[in-house]
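J.: Below: one structure in structure tokens.
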């Protein structure tokens, strides 16, 4: 791999109305090429209707060392889950 | 020419329809095979996938067009028979399509010049009086728009890139430019197809191709080579030495094991 090429994260929207989901990453020389590579690598079997690419360097990630502080407090708060409500059949994609 | 023949000039024979379809089909097939040679040899994994996808688009176009030619011919030849059991002189592809890959710059220049031609040609053929051809063109034109986006993007990147990439792409442009005359100069069959409402109006493709290619050459900081008359005509079955080698490889399996499947 050419060292000049930048790593991009790829997000694909599979259908209109759904959110973009992270599907993987790839290398490209610029944003246009990243879209083309994403199209060829991730949508060749009709997986998507929209593509986002983001330079991996632009992503700010949480620190694994802070996982306890960030995520453990949610563990004993089951009442935050929406499982106490009946969801109407007409509502999809929740 | 007699009056009767003139009155019938808008009539088109079965042989002419087949001949015209073979020009389109074989150009896609041969270009697809050329790109297929690069599978596993692309400069990066991502480019390997991209070139492979384009190759498959082109072979898919060839398949539809050859199947249509076989149906019109009505002698029991399907797309496989036409692809694998004809020899080089029976192929009607544009000579540009059979030119070898040489280096990545040569591949990109060949695809760029060809993609622009296919894009404008299929765009125009969506209005063809040959309805099955118009249907194929509707599908192909979408693929060709992407092919052009890909190859034109690379042409600009290489032309306006490093000293070496500029030198390589300039050399490839100089070597391949002479094959473009064949794409753009209608011969008697092209002219007849236009009169019959099957093919594009004479001169239309040259005008649009020229505008498209000139713009991208300027963006790529590449000099447009002078016009050159090209003495051979792949579309009439007169090919460079390269086609025979390409067909030997492409046709080896079905010719050695007739009827083989997997």
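J.: As a test of the formula, what do you get for chain A when each DSSP H run with n ≥ 4 contributes -39,500 (n - 2.57) and the sum is divided by the residue count, at 222 nm and rounded to the nearest 500 deg cm²/dmol? Intermediate values should be presented prior to the final figure.
T.: Numbers: 2 runs with 17 residues, N = 94.
Computed mean residue ellipticity for chain A: -5000 deg cm²/dmol.
J.: So what's the projected area for chain A, the Cα convex hull averaged over all directions, in nm²? Write down the numbers at each step before the final one.
T.: Working: hull surface 37.2 nm².
Value for chain A: 9.3 nm².
J.: Right, next: Please work out the Cα center distance from the stretch B:89-159 to the stretch B:180-207, rounded to the nearest Å.
T.: 16
J.: Same structure again: Give me the distance in nm between label points sitting 7 Å out from Cα along the Cα-to-Cβ direction at residue B:189 and residue A:30, one decimal.
T.: 4.0
J.: Taking 7 Å along the Cα-to-C-beta vector as the label spot, tell me the residue A:44-residue A:57 distance in nanometres, rounded to one decimal.
T.: 2.9
J.: So, R0 is 41 Å and r is the distance between the beta-carbons of residue A:6 and residue B:102; what FRET efficiency does that work out to, to 0.05?
T.: Values: r = 28 Å, r/R0 = 0.69.
Result of the calculation: an efficiency of 0.90.
J.: How many nm is it between the label spots at residue B:138 and residue B:245, if each spot is 7 Å from the Cα in line with the beta carbon?
T.: Label-label distance for residue B:138 and residue B:245, simple model: 4.1 nm.
J.: Could you state the per residue volume, in Å³, of the convex hull enclosing the Cα atoms of chain B? Let's see the in-between values first.
T.: Details: hull volume 34.6 nm³, N = 262.
Once divided by residue count, the hull of chain B is 132 Å³.
J.: Let me ask something additional. Let me have the relative contact order for chain B, percent, based on Cα pairs under 8 Å that are six or more residues apart.
T.: About 24 percent, as a whole number.
J.: Residues in the stretch B:174-198, backbone N under 19 Å from the label point at residue B:214 (7 Å along the Cα-to-beta-carbon vector): list them, ranges by number please.
T.: From the stretch B:174-198, the list is B:174, B:177-186.
J.: Measure nothing fancy, just the Cα-based angle from helix B:45-73's long axis to the longest principal axis of chain B, in degrees from 0 to 90, nearest 10.
T.: It is inclined by approximately 10 degrees.
J.: Just to confirm my numbers, what's the Cα centroid distance between the stretch B:27-82 and the stretch A:24-72 in Å?
T.: Computed from Cα coordinates, the inter-centre distance equals 32 Å.
J.: Moving on to the next point. What angle, in degrees between 0 and 90 and rounded to the nearest 10, separates the Cα long axis of helix A:31-42 from the longest principal axis of the Cα atoms of chain A?
T.: For A:31-42 against chain A, the angle is about 70 degrees.
Each value in this text was obtained by applying a stated rule to the coordinates, not by laboratory testing. Remember, predicted model here, so these are calculated numbers, not experimental data. No Cβ is skipped: glycine too gets one built from the backbone with ideal geometry, and neighbour counts run over all protein chains shown.
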